[in-house]
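**Q** Dropping a structure here in structure tokens format, bear with me for questions.
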Amino acid sequence: MRNIEKYMDPNISEQELHELTGKLLRAKFTRDKKEKWAEILEKEHHIRRGEVGKLRVASRNPLRTWLLVAASLLLPILVYFWLWVPSEPSASQLAEAFLSEEKMPEPQTRKGDVEIEALAQQATEAYNESKYSQAIALWEQLEARNSMTSDDYFFKAISHLRLDQLEKAIAGFQRIRSMSAENPKFQQETTWMLALSYLKAGQTEAAKTELQQVVRDGWRAEKAQQLLELLDKNQ
């Protein structure tokens, strides 16, 4: 009350009046601000000050209210870790990644019948330009004329795999494997591609058999081992 009485004193100087006015306004501003935040805490979080000035929960179930407040503070942290901590890929996803980075040798053209040679050349060009459907159609024309080589069958199977035509890809790679006695070319590559095909098709046990063979062969052994470990972990 002393500041109020001094403020009402008719003999107060102009400087004192100025200083006292600022002090009274600041005090009112601080009081209004405290009251505003006290109202927010009580309405939104059910918290208000007790008789001795300590915070208390205005609820019949204070533990539940405090848990809700704690949860609201932890939620942003949990969301951050859920969104940003990378999860381990599945074997199928890893197989897809390996397939996307796989660079197979391009099919070679061959000499012979002019018409057959032209079809083979067109199929090769379509494959090299990633026009897999077009390449498959051309190889099918060659197949109808009994003019397919083991190389043709290999790249035709890869084309099916690139197009996610998994049943046809698997059948194609199995056919190449059956030709190993007459032509051992691309046999290790076939085992690796067959393993990736089985994984993409969800045929886990068949994929494991092929991956184990890849490890024994040595070609792409490190990647095959990664896939085997991931499959064992997810069992």
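**Q** Of all residues in the range 179-234, which are closer than 16 Å to residue 99 by Cβ and of a type in the set (Gly, Ala, Ser)?
**A** Residues satisfying the conditions are 195, 197, 201, 202, 207, 224.
Residue-by-condition table, conditions (1) more than 21 Å from residue 128 (Cα to Cα); (2) of a type in the set (A, V, I, L, M, F, W, C); (3) not in a helix (DSSP H, G or I):
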position	(1), (2), (3)
159	no, no, no
183	yes, no, yes
205	yes, no, no
216	yes, no, no
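**Q** Can I ask one more? Which one is surrounded by the fewest Cβ atoms within 10 Å (Cβ to Cβ) among residues in the range 181-227 that are farther than 18 Å from residue 162 by Cα, charged (D, E, K, R) and touching a residue at least 12 places away in the same chain (Cβ under 8 Å)?
**A** 182
**Q** Would you confirm, using the coordinates I've provided, whether residue 230 is crowded, with 20+ Cβ neighbours inside 10 Å and in contact with a helix residue (DSSP H, G or I) (Cβ under 6 Å, 6 or more places away or on another chain)?
**A** no
**Q** Of all residues in the range 132-161, count the ones that are of a type in the set (Lys, Arg) and surrounded by fewer than 16 Cβ atoms within 10 Å (Cβ to Cβ).
**A** Number satisfying all stated conditions: 1.
**Q** Among the residues of the range 86-116, which ones are among the hydroxyl-bearing types (Ser, Thr, Tyr) and modelled with pLDDT of 80 or more?
**A** 90, 92, 100
**Q** Quick test for you: out of 174, 141, pick the one residue that is in contact (Cβ under 8 Å) with a residue 12 or more places away in the chain, within 22 Å of residue 195 (Cβ to Cβ) and of a type outside the set (D, E, K, R).
**A** 174
The values are calculated or read from the model by the stated rules, or taken from the named source; none is laboratory data. A quick note: this is a predicted structure, and the numbers were derived from the prediction, not measured. Here the Cβ is made from the backbone with ideal geometry for all residues, glycine too, and neighbour counts use every protein chain on show.
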